[in-house]
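The values are calculated or read from the model by the stated rules, or taken from the named source; none is laboratory data. The structure presented is a predicted model; accordingly, all values stated were derived computationally and were not measured. All Cβ positions, even for glycine, are placed from backbone atoms using ideal geometry, and neighbour counts span all protein chains on display.
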Amino acid sequence: MEDIGLLARSALNALSANMAILDDEGFILCTNQSWNVFAQSNGSIETSFEGANYLEVCDCAQGDWSEEASIAATGIREVISGIREGFELEYPCHSPDQERWFSMRVTRYRDYERVLVVVSHENIIEWKRVEAALGSQNARLRAVLDNMLAGVTFFEGEVFRPVLANRMGEELLGRSLPPAMASNERESYFQAYRAGTDEPYPIHRLPFVRAMSGESCSADDMEIRLADGSRVRLEVFGAPVRDTSGWITGAVAIFHDITMRKRMEEVLQESEDRFRRAMEATNDGIWDWNVTNGNVYYSPGYFRMLGYESGEFPAKADTWLELIHPDDRERAWAANDACIRNESPAVNVEFRMRSRDGSWRWILGRGVATRRDKDGQALQMIGTHMDISNSRSTYEVA
């Protein structure tokens, strides 16, 4: 200890870590106060540890921590010999009534011609508890994410370092996320294209790239190409992730496979287009009546047979009643009402309706209930109107 100055001793004693300085053979030259207090609190009767060979103590260790002691001795020897500059080891050192974890650090330095090492043991039990709590929290978060039906990915920093991808995310992308991703690697990795084309999706328009600029956004015009050549249509939402100061630290992307939805939308659109063309081609009128709220869909032919244009009248049931001849109105309504109240299976009634030129056209109205409530009352009805004026005239003349 003669060559260890008073200032150095005071500095060592001020540290909370248990510290010792060893020579190149492992003999203890100096320990700080924390080292001594810890040793005595664990049953040591020694008041000074100077001159003891720490390596021999580690080599002779027995019991639960003998493996860690052997690893520590090997690490110290490698630092002394210059194989490595430093050595670190986390190890348990529990007492009968207390859980304890320590972090051991060994640092090499030269004192004139001698090689010395500083050995420190820091109690890290609080950090271990925080680490365990975070691990448990992360495990729960991971379980939630992996059971989501949407893909989730999180990228960190300007280099877009992938931090997380849930199970569905990797399934939808068809690949695992790389450890890092340079800007020139994003296109080849994601294999993203504009939907229905071979045109690569612009990298700067990818939602997670836009999110890194602070934009919360979405896109549903993207397809990704999988290894087997198939394509998956995605709807992607991107949002920035900010720290407590508001700085953007990353981006999260949430995406859904909408391939089937888009196919269904296309089929539905084709069906609607066929229905619209059929309605435009027929001279008969078709009506679809929501009895509950009174709204009615009238096909273009419904008004065209009377000389009107679509959109001239409100899409309400009252429109039909107002155009009916006053002498026929009660009878026509009674036929519909009987079907509504489930007293008749269908509507089949003739009545006159006013045309644009003021004349009255004879109409054959037919309809059925397509949906009823639990009491049998009609909730939805659909039917047709056919202009039978010519046949009525022929019949009346005959």
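Tabulated values for the structure
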read-out	value
Subset of the stretch 201-223 [in a loop (DSSP other than H, G, I, E, B) and either within 27 Å of Met260 (Cα to Cα) or of a type in the set (A, V, I, L, M, F, W, C) (or both)]	Tyr201, Pro202, Leu206, Met212, Ser216
From Ser120, Ser136, residue being closer than 19 Å to Glu90 by Cβ, free of Cβ contacts under 8 Å to residues at least 40 places away in the same chain and hydroxyl-bearing (Ser, Thr, Tyr)	Ser136
Met168 aliphatic (A, V, I, L, M), in the same structural domain as Val232 (by TED's automatic domain parsing), surrounded by 13 or more Cβ atoms within 10 Å (Cβ to Cβ) and modelled with pLDDT of 85 or more	yes
Failed criterion for Arg84 (all others in (1) outside any strand (DSSP E or B); (2) at pLDDT below 90 hold)	(2)
Residue check for Ser310: surrounded by 13 or more Cβ atoms within 10 Å (Cβ to Cβ), touching a helix residue (DSSP H, G or I) at 6+ places or on another chain (Cβ under 8 Å) and among the polar types (S, T, N, Q)	yes
Subset of the stretch 225-273 that is part of a loop (DSSP other than H, G, I, E, B) and more than 22 Å from Ser213 (Cα to Cα) - its residue that is nearest to the chain's Cα centre (by Cα)	Ile258
Output for the stretch 198-212, where each listed residue is in contact with a helix residue (DSSP H, G or I) (Cβ under 9 Å, 6 or more places away or on another chain) and touching a residue at least 12 places away in the same chain (Cβ under 8 Å)	Pro200, Tyr201, Ile203, Leu206, Val209, Arg210
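Rundown of residues vs (1) more than 14 Å from Leu116 (Cβ to Cβ); (2) surrounded by 15 or more Cβ atoms within 10 Å (Cβ to Cβ); (3) modelled with pLDDT of 90 or more, yes/no style:
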residue: Leu22; (1), (2), (3): no, yes, yes
residue: Asn36; (1), (2), (3): yes, yes, no
residue: Gly43; (1), (2), (3): yes, no, no
residue: Ala61; (1), (2), (3): yes, yes, no
